[in-house]
Amino acid sequence: MKKQNIPLYAGVEEDVRALILDNLGLVKYVVGKMQIYFKKDDEEDILGYGIVGLIESAKRYDKTRGVKFNTFAVPRIRGSIVDYLRTQDLLPRSMRKKESDIKEITRAIEKKFNREPEPDEIAAELGVSVNEYHDIQTKLNFDYFVSLENLHVKSDNDQKRSISNILEDDTAKEAGKLLEEKEEKELLITLIKKLPKNERLVITLYYLEDMLIKEISATLKISESRVSQLHHKALFFLRTNMKRLHS
């Protein structure tokens, strides 16, 4: 009698494979949202790490929990990419020195002209080009991207809820930690309301309405580079004031 080759947990691999193939678009979506934080040359690597997050999500997904796969997978795809980006030494010591310099330059220009400085003014004082200044801001703003992305996650009925509500039970955080995160989110929202109109619009559309840079550009009828500038200015304000209020 010929021995049958019956794999353990028959059918699971096929289900996982189907989930992955059917949801590759989620990786492209997340990478599109995060494109402001990496160079075009790095996109292939970023896609690869996003797919790693998708595969892990497909393996761990339990449809009996009543959460849609895309709701479950997107934070994990993003997390896989974030983990990779954090290994790329985004904030070397020299960058932290530039952060301090930018703060001093900003305060000096605000005091002298009674207004917030323009990017070209700060770049000139730093001795770098405007593009180099925006690259510096991109790296400095990275952690605040993560904080803002986690402000809200859409639930299955399209209402927004905290990301902590959809984490698995075995990763639940202590009550004190959750309270601390809740207070930080409330502080972020308060600061967002204080942003100038266009900066507030960019932050709202990008993080809370899940729009891509090119979609915001079309909606506000401004260039993609201008959207990026407004995004950087807004995160600089949020980052500076969050640190000021915590100190």
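Coordinate-derived values only; no laboratory data. Since the model is a prediction, treat every value here as computed from it, not as a measurement. So basically every Cβ, Gly included, is an ideal-geometry build from the backbone, and we count neighbours across all protein chains shown.
Here is how the numbers come out for the structure above:
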{"item": "Isotropic mean projected area of the C-alpha convex hull, region 22-146 (nm²)", "result": "9.7"}
{"item": "Simple spin-label estimate for A124 and R65 in nanometres, 7 Å along Cα-Cβ", "result": "5.4"}
